[in-house]
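Asker: Here it is, the structure, as structure tokens.
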Amino acid sequence: MTTTMMITGAALAATFIAGTHFALTGHELEVFALFLALTSCVYGGAALTPAGARFVRIELPFVITVFISAILGLVFSPVWIAVGYFLHGGWDVLHHVNKVETPIVRWFPPLCAVFDAVVGGVVLAWWLF
């Protein structure tokens, strides 16, 4: 299942990137930042469930960090948006290998980690090169 979810994550990232680029030309940065800010809340939301409540102190600082990277990306440099995606992808990996134990469905972290890596890489490439 992990491989399937990773392939799905890559396909979703490619679709998201292409859709954003072709449908919202000139506003890609804002869309990537907005989606990053929304994505940062996924694990925070899981920590607000009764089963995840004991992980709020771990998840909330992460949510805030990634959210701030989206804002920094809009205000200062798009590189911060890429950093936020890479941070979130790393956090996904930590969930997948149970280093962060907030309850989450098993298929989500590998899908999201690949999605984040692809989108972060594209954002970095678009604005650096």
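Every number in this text was worked out from the coordinates using simple rules, so none of it is lab data. For clarity, every value in this text was computed on a predicted model and none was experimentally measured. Note that each Cβ is placed from the backbone with ideal geometry, even for glycine, and that neighbours are counted across all protein chains shown.
Asker: Helix 79-96 sits at what angle to the longest principal axis of the chain, using alpha carbons and giving 0 to 90 degrees rounded to 10?
Answerer: For 79-96 against the chain, the angle is about 30 degrees.
Asker: Still on this structure, I have one more. Please list the equivalent ellipsoid semi-axes of the chain, computed as the square roots of five times the alpha-carbon gyration tensor eigenvalues, in descending order and whole angstrom.
Answerer: On the way: eigenvalues 122, 60, 25 Å².
So the equivalent ellipsoid measures 25, 17, 11 Å along its semi-axes.
Asker: Sticking with this structure for a sec: Most fluctuating residue of LEU87, LEU36, LEU60 in a GNM of the chain with Cα springs under 10 Å: which is it?
Answerer: Its mean-square fluctuation being the largest, the pick is LEU60.
Asker: Tell me which of ALA18, PHE62, LEU34 sits at the most positive position along the dipole axis of the chain, charges placed on C-beta atoms (Lys, Arg +1; Asp, Glu -1).
Answerer: Toward the positive end, the furthest listed residue is PHE62.
Asker: Another question, if that's okay. Please compute the contact order of the chain in relative form: average sequence separation of alpha-carbon pairs under 8 Å and at least six residues apart, divided by the residue count, as a percent.
Answerer: Details: 159 pairs, mean separation 44.9, N = 129.
After rounding, I find 35 percent.
Asker: OK, next. Provide the gained length on full extension for the span THR2 to VAL31, in nm with one decimal, where the gain is 0.36 nm per separating residue minus the Cα-Cα distance. Don't skip to the answer; put the middle values down first.
Answerer: On the way: separation 29, 0.36 × 29 = 10.44 nm, distance 2.76 nm.
Residue separation times 0.36 nm, minus the Cα-Cα distance, leaves 7.7 nm.
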